[in-house]
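Peer 1: My questions will all concern the structure given below.
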Amino acid sequence: MDESAHDPENGPETDSVKDAARARRLRVETLAVHAGRHSDPATGAVMPPIHLSTTFARNADGTTPAGYVYARSENPNRHALEEALAQLEGGTVAAAFASGQAATMTVLQTLGAGDHVILPDSLYYGTRKLAEDVFGPWQLSCSFVDMQAVDNVRAVLRPNTRLIWVETPSNPLLTVTDIGAVAELARAHGARCVVDNTWATPINQQPLALGAHLVMHATTKFLGGHSDILGGVLIAGQSDTGQSDAVQDDDWFARIRMIQTTGGAVAAPFDCWLLLRSLRTLPYRVRAHNANALAVAQGLAAHPAVEAVYYPGLSDFAGHAVAARQMTGFGGVLSILVRGGGAAAQAVAGRTQLFTQATSLGGVESLIEHRASVEGPTTTTPVNLLRLSIGLEHPADLLDDLQQALDAG
Ligand SMILES: *Cc1c(COP(=O)(O)O)cnc(C)c1O
């Protein structure tokens, strides 16, 4: 990077952050602190103001002084957030939404009637509900397969397969999919590969670098990190013009942007502000979530009331080898099977004192949930499964709490 990139006279400071990131000079901790950061030109405020205005004044000649016109299309807080999220994920463009589901819905809305989508059979239940219940009547056809073997994906490819959706590690079985292998298959077929990277976070896993076309996050989870923001994002790399695949990613992202700003399921300014604030500590939080989850997973594996522990960080877990290859940490979520069936599992969740029995994951506080009862009668989740989101408490306190809840059974 040349000297002039450091010069504050020489454009917004994030341009120098972007340049340095591109030259791979900045580590993720540094990026997390600086990406999308602009001192407020009006006041010099180091931390950004929240722009609630829905509209922006024009110059006498009708032009816009900073390019902002109307808040559904563009907002300074959303703009800064999108810039930061794109950089953290190793992408170039991002679109922020009001929820993870709004982001997923946008991906599906880029498709046409009659298109075919392949999804994993272990999948966030809301993604399945969107694909089947919302887009089924719009003639989208879906195949759900076990993606632990890429051959299963290949076997259901059709001429009209446009999209392969990957979720790894998956909800709630922590199933691991080889992102590089699935992305390669998609590219060879002229289809696109999207990875729901919510559970891994960009700190543990970078799907764009592994060949995926697009990354989706429910920012509600680890990126927000404090259980107080609902949000989603889609992130893409630049058009891969060097590749001979049939996919024009620039066009695709332009369509995503059009649906975002026309459909209007955008993230609110305060949510964007809060989320950008959360990103500043993401690398440190994720590292602690990883370490605590591994300690809890190892501790639970030895407990007689636990039939199985699903966590990619355990060396005897089915997906461990692939996870170890494509992840730098194994995340903060694990699931366990409790001996004695569904009622016994529910009773364990009811006896925890530090763990709160609640839906969601990725916050500083630990949560526990009996997934089958939340997912309802159509669930395919084992009835004795509990999903644990491991927070930032001391892992020994968390293990003590789980042990007393399991021992009392
Ligand atoms: C929570 C979650 C979603 C949905 O996000 P919302 O913000 O609740 O709409 C999607 N995928 C995964 C893996 C999730 O955990």
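The values are calculated or read from the model by the stated rules, or taken from the named source; none is laboratory data. Just so it is clear, the model here is predicted, and its values are computed rather than measured. Cβ placement follows ideal geometry from the backbone for every residue including glycine, while neighbour counts extend to all protein chains displayed. Each accessible area value is taken on the protein alone, full model and side chains, heavy atoms only, with ligands, DNA and RNA left out. Shrake-Rupley method; radii C 1.70, N 1.55, O 1.52, S 1.80 Å.
Peer 1: Taking 7 Å along the Cα-to-C-beta vector as the label spot, tell me the residue 378-residue 188 distance in nanometres, rounded to one decimal.
Peer 2: 3.4
Peer 1: Let me ask something else about it. Once the convex hull of the alpha carbons of the range 245-368 is built, what does its volume come to per residue, in cubic angstrom? It would help to have the intermediate numbers written out before the result.
Peer 2: On the way: hull volume 24.6 nm³, N = 124.
Enclosed volume per residue, from the Cα hull, is 198 Å³.
Peer 1: Next question. Quick one: compute a quarter of the convex hull surface over the Cα atoms of the range 284-343 and quote it in nm².
Peer 2: Working: hull surface 17.9 nm².
Mean shadow area of the hull around the Cα atoms is 4.5 nm².
Peer 1: Next question, about the same structure. Using only the Cα atoms of the chain, what semi-axes does the equivalent ellipsoid have when each is the square root of 5 times a gyration tensor eigenvalue? Give whole Å, largest first. Please list the in-between numbers first.
Peer 2: Numbers: eigenvalues 258, 137, 79 Å².
Equivalent ellipsoid semi-axes, largest first: 36, 26, 20 Å.
Peer 1: With r as the distance between the Cβ atoms of residue 301 and residue 29 and R0 = 35 Å, compute the FRET efficiency 1/(1 + (r/R0)^6) and round to 0.05.
Peer 2: Values: r = 31 Å, r/R0 = 0.89.
The computed FRET efficiency comes out at 0.65.
Peer 1: For the range 190-335, what proportion of DSSP beta bridges, expressed in % and rounded to the nearest 5, is antiparallel? Present the calculation step by step, with values, prior to reporting the outcome.
Peer 2: Values: 6 of 9 bridges.
In the range 190-335, approximately 65 percent of DSSP beta bridges are antiparallel ones.
Peer 1: Along the charge dipole of the range 263-403, Cβ charges K/R +1 and D/E -1, which of 315, 347, 276 sits furthest on the positive end?
Peer 2: Towards the positive end, the residue furthest out is 276.
Peer 1: Could you do me a favour and compute the accessible area per residue for the chain, 1.4 Å probe, result in Å²? Show your work: numbers first, answer last.
Peer 2: Numbers: 17470 Å² over 409 residues.
Result: 43 Å² of accessible area for each residue.
Peer 1: Keeping all protein chains in position, work out how much accessible area residue 330 exposes to a 1.4 Å probe, and write it in Å² to the nearest 10.
Peer 2: 50
Peer 1: Further question: Need the full-extension length gain, residue 407 to residue 316, defined as separation in residues times 0.36 nm minus the C-alpha distance. One decimal, nm. Numbers along the way, then the final one.
Peer 2: Values: separation 91, 0.36 × 91 = 32.76 nm, distance 2.46 nm.
Difference between extended and current length: 30.3 nm.
Peer 1: Could you give the size of the charge dipole of the range 228-363 about its Cα centre, using +1 on the Cβ of each K and R and -1 on the Cβ of each D and E, expressed in debye and rounded to the nearest 20? Before the final figure, lay out each step's value.
Peer 2: Working: 9 positive and 9 negative charges, 115 e Å.
Roughly 560 debye for the range 228-363.
Peer 1: Continuing with the same structure: With all protein chains present, how much of the accessible area of the range 121-236 (probe radius 1.4 Å) comes from carbon and sulfur, to the nearest whole percent?
Peer 2: Values: 2000 of 3850 Å².
Answer for the range 121-236 is 52 percent, counting heavy atoms of protein chains only.
Peer 1: Right, something else. If the elastic network links every pair of Cα atoms under 10 Å, which of 385, 130, 85 fluctuates the most in the Gaussian network model of the chain?
Peer 2: 130
Peer 1: Just name one of 95, 260, 143: the one whose Cα is farthest towards the positive end of the charge dipole of the chain (beta-carbon charges, Lys/Arg +1, Asp/Glu -1).
Peer 2: About the Cα centre, the residue reaching furthest to the positive side is 143.
Peer 1: Leaving out ligands, DNA and RNA but keeping every protein chain, what accessible area does residue 47 have, in Å² rounded to the nearest 10, with a 1.4 Å probe?
Peer 2: Answer for residue 47: close to 120 Å² accessible.
Peer 1: Another one. What does the charge dipole of the range 80-196 about its Cα centre add up to, to the nearest 20 debye, if the Cβ of each Lys and Arg holds +1 and the Cβ of each Asp and Glu holds -1?
Peer 2: On the way: 7 positive and 13 negative charges, 66 e Å.
It works out to roughly 320 debye.
Peer 1: If you don't mind, there's one more thing I want to ask. Tell me, what does the Kirkwood hydrodynamic radius of the range 128-222 come to in angstroms if you use every pair of distinct C-alpha atoms?
Peer 2: Value: 13.8 Å, from the Cα pair sum.
Peer 1: Dipole of the chain, Cα-centred, from +1 at each Lys and Arg C-beta and -1 at each Asp and Glu C-beta, to the nearest 20 debye?
Peer 2: Working: 28 positive and 41 negative charges, 86 e Å.
Here the chain has a charge dipole of around 420 debye.
Peer 1: While we're on this one: Could you tell me the largest-minus-smallest coordinate of the C-alpha atoms of the range 40-145 on each of the three principal axes, in descending order and whole angstroms?
Peer 2: Each principal axis gives a Cα extent; for the range 40-145 these are 54, 31, 22 Å.
Peer 1: Could you work out the helix-only [θ] at 222 nm for the chain, with each DSSP H run of four or more residues adding -39,500 (n - 2.57) and the total divided by the number of residues, to the nearest 500 deg cm²/dmol? Show your work: numbers first, answer last.
Peer 2: Working: 15 runs with 147 residues, N = 409.
That comes out to -10500 deg cm²/dmol.
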